[in-house]
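Input: a single structure, listed below in structure tokens.
The values are calculated or read from the model by the stated rules, or taken from the named source; none is laboratory data. Computed from a predicted model, the values in this text were never measured in an experiment. Glycine gets a Cβ as well: all are built from the backbone with ideal geometry, and neighbour counts include every protein chain shown. Ligands, DNA and RNA are stripped out before the accessible areas are found, and what is left, the full protein with its side chains, is counted by its heavy atoms. Shrake-Rupley method; radii C 1.70, N 1.55, O 1.52, S 1.80 Å.
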Amino acid sequence: MTEEQSPTYTDGRLSAPYALRNRDAITDALRQLAPPTGRALEIASGTGQHVVGFAKALPGLHWQPSDPDETRRASIEAWTRAEQSTNIAPPMALDASEPGWSQQHGPFDLIFLANLLHLIPDAAAATCLSEMANALRPGGRVVVYGPFLRDGKTTSDGDAEFDARIRSENPGAGYKDVRWVLDAWTNAGLSPDTPQDMPANNLLLSAIDPNQGDLT
């Protein structure tokens, strides 16, 4: 099998093949979960290929991309220009594993995160999950996509190898268990939804703020 090649752009856009591989499946799931209007935050937006697709598919939402990396924020801006997206705000610098950001940003009607939790230590992931909950507007929803443990176990040899490599390279990091994530949200006052199976052994986890309020 030949290695998948990424296109090269001269306008600042970065390209990640995995982002395009999973974008359609994630977008279909978000269509079922996202509110029709409001503010949406994407955490760790990376190249920006996800958010431009989401913005096109969910035009009633005003998207706020974010990433701690300056080069990736430049790529997000370049993708936004190239796609002529009018419902995407300029990307903001945000490390979602740092405590306190929910008090500085938001509230949001939807917060989305893909492929980050397994790459960071448990303590950082716990902070990220609680801050996501705190940044929601009443009635808002958090959504996380990625690989997870089920009952403490991986579901394929490839996942087991990848998880082991992450843990060896970054002590404290690694796949998080589905129940651990859902319990973190429950403890933060959210009501978890039933996990959704996604391609390539991934899952989509989500939870809603059960509090009622003025959602306008």
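P(r) tail for the chain: Cα pairs beyond 31 Å make up 16% of the total. At the residue level, Phe162 shows approximately 70 square angstrom of accessible surface with a 1.4 angstrom probe and all protein chains present. Normalised by 2.2 N^0.38 Å, with N the number of residues, the alpha-carbon radius of gyration of the range 95-136 equals 1.08.
A Förster radius of 35 Å, combined with the Cβ-Cβ distance separating Glu161 from Ala74, puts the computed FRET efficiency at roughly 0.60. Relative contact order for the range 1-155: 21 percent, from Cα pairs under 8 Å spaced at least 6 residues apart, divided by residue count.
In a fully extended conformation the segment linking Ser168 and Gln32 would gain 45.2 nm over its present Cα-Cα distance, using 0.36 nm per residue. Here the range 173-216 is treated as an ellipsoid with the same Cα gyration tensor; its semi-axes, largest first and in whole Å, are 24, 14, 8. Rounded to the nearest Å, what's the spacing between the alpha carbon centres of the range 139-190 and the range 30-77? Just the number, please. Rounded to whole Å, the Cα centres lie 22 Å apart. Taking max minus min of the alpha-carbon positions on each principal axis, the range 143-216 gives extents of 46, 26, 23 Å, largest first. Each residue, Asp183 and Thr8, gets one label point 7 Å from its Cα in the Cβ direction; the gap between the two is 4.9 nm.
The Cα trace of the range 36-151 gives Rg and Dmax of 13.6, 44 Å, the first to one decimal, the second as a whole number.
Computed with every protein chain present, the accessible area of Tyr175 is close to 10 Å² [probe 1.4 Å]. Helix content alone sets the calculated 222 nm mean residue ellipticity of the chain: runs of n ≥ 4 DSSP H residues at -39500 (n - 2.57) each, divided across all residues, give -11500 deg cm²/dmol.
Which FRET efficiency, nearest 0.05, do Asp151 and Ala89 yield, Cβ-Cβ r, R0 45 Å? My answer for the efficiency is 0.70. Stokes-Einstein diffusion of the range 58-105 at 4 °C, 1.567 mPa s viscosity, Kirkwood radius from Cα pairs, rounded to a whole number: 111 µm²/s.
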